[in-house]
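Written out below as structure tokens is the structure these notes cover.
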Amino acid sequence: IGTYTITTNTVNGVSFSKTGTFTATGPQTVILNGSGTPVDAGNQTFAVTFGSSTCNFIINFSAGAAPATGTLSGAPGSCTPVTPAGTYTQGIALTSANTIQVQVNVTTIGAYTISTTTVNGVSFSASGTFATTGLKNVILAGTGTPVSSGSQTFAVTFGSSTCNFSILFAPG
């Protein structure tokens, strides 16, 4: 009985470990915690070490989802259509009511992240998966606290496609 540390080597950007205390002798089940981000798909062999003993196990890493492709409507100019929601006031933090809806023409299904630049202390983003191709409306959630009032222009990016929209921030 006593404290233990069980670790693996780092393989494919991933490792496993666990530290704890055994309160009884005999066979024990220990669940190792994983960390890291896998780099490649396929079978990877890990060596587990506990004290002076070592054994191996294999994990099959699946291929990640291919990224979605397409273009933002209105790119490379003004985003069309673009629909802002919520109120935007200098010095008042954005809430879940502060969103921007943009339109995307999806040409390849898959995972996506659509985001804006940070302007005036504020940015917008959304992530998910497109399951079908064609025109899709995507709602970007806003975060941050506007630093100043006035009209501010944001650049939205989806893959290599970019378009712009403006928001008028009221004085605080």
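All of the numbers you see were taken from the coordinates with simple rules; none came from a lab. Everything numeric here is computed off the predicted structure, so don't read it as measured data. Ideal geometry is used to build each Cβ from the backbone, glycine not excepted, and the neighbour counts take in all protein chains shown.
Remarks
- Residue-span extension gain [T49 to S151] - 0.36 nm each, minus C-alpha spacing: 30.8 nm
- Among the cysteines of the chain, C55 have no other cysteine beta carbon within less than 4.7 Å of their own.
- Label positions at N137 and T83, each projected 7 Å from the Cα along the C-beta direction, are separated by 0.2 nm.
- Expressed as a whole percent, the proportion of Cα-Cα pairs in the chain lying more than 24 Å apart is 57%.
- Potential lengthening of the chain between T10 and Q101 amounts to 28.6 nm, from the contour at 0.36 nm per residue minus the alpha-carbon distance.
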